[in-house]
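> Encoded as structure tokens, here's the structure I'll be asking about.
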Amino acid sequence: MITEHPSPVELQTWLLEHLYELVRTHLPGKAEGVRLLADRYLRPELKGVALVDGIHRAHEVLLREVKTYGGEAIFQVYAAFVEEWCQGPVDQHMVCTISPY
């Protein structure tokens, strides 16, 4: 809703950061909040290196929450994130090649 409403980018950015801060403050260790905080780095328009960077940042958030809070629900969120991205289409920047040397 925030990003789809025709408003200045600065206002959208401020509102989203405020929302994320509220999630961190009021929902620490809650699976739904953890996924929301991670998904903020994954916007539909991301491609190539920006997409890889977004996935990396989201993964760091999830891993930090797993280490900090643990719990079955957060482990499930983390597993769902990994499964989702492993089953998705592969971008050329996401392909890992192994050199024989």
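The values are calculated or read from the model by the stated rules, or taken from the named source; none is laboratory data. The structure presented is a predicted model; accordingly, all values stated were derived computationally and were not measured. Please note: Cβ atoms are built from the backbone with ideal geometry, for glycine as well, and neighbour counts cover all protein chains shown.
> (1) touching a residue at least 40 places away in the same chain (Cβ under 8 Å); (2) within 17 Å of PHE81 (Cβ to Cβ): which one isn't true of HIS56, the others all being true?
Checking HIS56 against (1) touching a residue at least 40 places away in the same chain (Cβ under 8 Å); (2) within 17 Å of PHE81 (Cβ to Cβ), the one that fails is (1).
> Scan LEU62, LEU51, LEU46 and give me the residue that is outside any helix (DSSP H, G or I) and either at pLDDT 90 or above or surrounded by 15 or more Cβ atoms within 10 Å (Cβ to Cβ) (or both).
Within the list LEU62, LEU51, LEU46, the selection yields LEU46.
> What is the number of the single condition among (1) loosely packed, with under 15 Cβ neighbours inside 10 Å; (2) assigned to a helix (DSSP H, G or I) that LEU36 does not meet?
If we test LEU36 against (1) loosely packed, with under 15 Cβ neighbours inside 10 Å; (2) assigned to a helix (DSSP H, G or I), just (1) comes out false.
> Right, here's the next one. Does ILE98 meet the test of being aliphatic (A, V, I, L, M), on the phi < 0 side of the Ramachandran plot and either in a helix (DSSP H, G or I) or at pLDDT 90 or above (or both)?
In short, no.
> Looking only at the range 43-60, how many residues end up being in contact with a helix residue (DSSP H, G or I) (Cβ under 8 Å, 6 or more places away or on another chain) and farther than 19 Å from GLN76 by Cα?
Total satisfying the criteria: 6.
> Collect the residues in the range 1-16 that are surrounded by 12 or more Cβ atoms within 10 Å (Cβ to Cβ) and in a helix (DSSP H, G or I), keeping them in residue-number order.
If the condition is that a residue be surrounded by 12 or more Cβ atoms within 10 Å (Cβ to Cβ) and in a helix (DSSP H, G or I), then GLN12, THR13, TRP14, LEU15, LEU16 are the ones that fit.
> Right, something else. Scan the range 1-29 residue by residue and report those that are charged (D, E, K, R) and either within 12 Å of ARG40 (Cβ to Cβ) or at pLDDT 85 or above (or both).
Listed by number, the residues that qualify are GLU10, GLU17, GLU21, ARG24.
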